[in-house]
Amino acid sequence: MGSGRIKINLHSARNKSEKKILDPRGSFLQNWNKIFLLFCIIAVALDPLFVYIPVVVNDKTRRCLNLDKELGIIACVLRTFMDAFHIIHMIFQFRTGFIAASSRVFGTGELIVNPRTIAKRYLFTYFIIDVLSILPLPQLVILVVPSLKGLPVALVTKESLRYIIICQYVPRIVRIAPLYMVVSRTSGIVSETARTRAALNLLLYMLASHVLGAIWYSLSVERQVWCWGKVARIYRRDRRLLYCNDDKDPRRTDNSSNPDWLPLLNTYCPLINPDDTNSTVLNFGIFIDALQSGIVESRDFPKKFCYCFWWGLRNLSSLGQNLKTSTFAGENIFAVVISIAGLVLFALLIGNMQRKWQETRGVEEESLISCLPRGLRQDIKRHLCLDLLKRVPIFETMGEQTLDSMCDRLKAVLYTEKSYIVREGEPVEEMLFIMRGDLASTITNGGITGFSNAVNLKPGDFCGQELLNWALDPQSSSHLPISTRTLQAFSEVEAFALLADDLKFVASQHRHLLNSEQLQHNFRFYSVQWRTWAARFIQAAWRRYCGRKFLKSLRKEEARLLNALADKSGVIVGASIYVSRFAANALRNLRRDEAPTPRIPEWLPLLPQKPAEPDFTADQDH
């Protein structure tokens, strides 16, 4: 009783821990990933606010570097708010299961719910990147450095923020890429459409312009402070003149005790155009605009941000052709970065346009057909697509009305040579009916080395039957099924595509026409999950049958041998005992190593879970 109670308690505790594990295919995590992706993009856009904190003070009594404390507090609050979402996401990562790569070959995939395995996987993947991204180093610099005594606060803050933001910006950018892939694969809403690509290009342009504008502001401040420091070294002045101290600091230094300091700065660091600069003064190059406009002196953040953002967008769009740089190496490197970034973004835009033209050959067939009368349009679609639909075994038993609805929703698509239509492990978003060209359908069993199965698809074939089983089953989940194969075009492929939403809509509208035993039989026969379950059930039953048969034959041989030994009185008793022990040991070893246990309760859990029976009459909405 005690051992049984312990087993029950352990089993219930294990079930409770597994219930806390989140399913990555569930709607909650899918929505959370979308929200977290949005917050990651906002966090990347908020980090450059820290470089706007240093400001230049230029009045009649002093000229020095100071800090915008109000902007620093606002930046710290926003950064902490974004980091809080990142911490919540890290907690979810420790409680989020994952699909075993080797089980994706069976269609739905096996969900790993072991907390230790999940934690180990996360610790060895993105945990370090997440920790580096949320370290509160900028907040510590803004809040702690001003309270330190004996340090030039403005200098330490400016230098610390520069290196911290750069170091933390890299892991934040790196974290967005896999998160975007997860959102696009699991939900399927971030699809490769023309509008999506245009929005992504615009977002990249705006983000790059914002970052370049912030860097331009920071380098402008740095360049002016460097010029002041050069004058201080030449004339051996106190470098504390370069940094504004707090009024409460008794060591506060201003220009009143150095009456010639401001004239020296006006002589060696004048804010004049590069063309008017002679060899005796510093050429500020591309930073002269920020210094002359007074942006580096302004504490009006909206004004400062808009001006720097416009500068970055203008020069990024023109590839930096209007920049007149000086001979300063850092300035020229910055100009080169602007030019290369503009070229890369422009190449992405051109590449998306070329891809769209390759897919459509410059002609929108759907727009041409849509101009025709509805009856003629349906006749054209029926003539082109009806025979292709009837090649699908499940569609053979469907009525003409259902097939006509599918024909009306088929869309012509084109894939270029060597392009991937879908990869193994990605969601299936459409069902393809090949008109022209060849496809390679490859399965690798989740990437296991040495396992590969390839099939060539020719005109008249179809692919994406996982989507068909998902759409016809009214009890299926909201997330798209996972592809068990990788489809790649051998040559240029023309096909008709039936999207997931269209297939689901047709199945829901004509569900009353799908109630037939033949259709249910075809559904079970061609379903990947049903085939997998049947194959593994037969294998397990056959192994159990072979084990029982062998045990039965071995028992018969043992009984026959013992009877033969008992009938012969001349046989030595020792030899009889030896043979009996030998047969018993052989039987025991066979039971332990080879034969499965005959007990039904322990044998059944080894089998895969039986898929639910298809019930096309059920209404998913009710």
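Read-outs: derived from the displayed coordinates by stated rules, not from any lab. Predicted model, so just to flag it, every value in this text is computed and none were measured. Note: ideal-geometry Cβ built from the backbone for every residue, glycine included; neighbour counts use all protein chains shown.
A few notes on this one:
- Between LYS552 and ASN114, residue separation times 0.36 nm minus the direct Cα-Cα distance comes to 153.7 nm.
- Amide H to amide H, with H built 1.01 Å from N, ASP461 comes under 5 Å of ILE434, counting only residues 5 or more places away or on other chains.
- Links that overshoot a 21 Å alpha carbon limit, given the list LYS69/LYS304; LYS230/LYS303; LYS69/LYS158; LYS411/LYS504; LYS34/LYS504: LYS230/LYS303; LYS34/LYS504
- Local electrostatic count, PHE124, Cβ distance below 13 Å [Lys/Arg +1, Asp/Glu -1]: +2
- Rough spin-label spacing in nm, given labels placed 7 Å along Cα→Cβ, for ASP59 and ILE176: 3.9
- DSSP-assigned coil residues among trypsin sites (Lys or Arg not before Pro) in the stretch 30-83, each with at most 10 further Cβ atoms within 10 Å: LYS60
- Projected label distance in nm at LEU143 and LYS303, using a 7 Å step from Cα toward the beta-carbon: 3.1
- Each label point was placed 7 Å from the Cα along the Cα-to-Cβ direction; for ILE234 and LEU202 their separation is 5.0 nm.
- ³J(HN,Hα), Karplus 6.51/-1.76/1.60, whole Hz, each residue of the stretch 461-468, x for Gly, Pro: 7, 9, 8, x, 5, 4, 5, 5
- Annotation: amide H-H contacts under 5 Å for THR96 (H modelled 1.01 Å from N, sequence separation of 5 or more, or interchain): LEU22.
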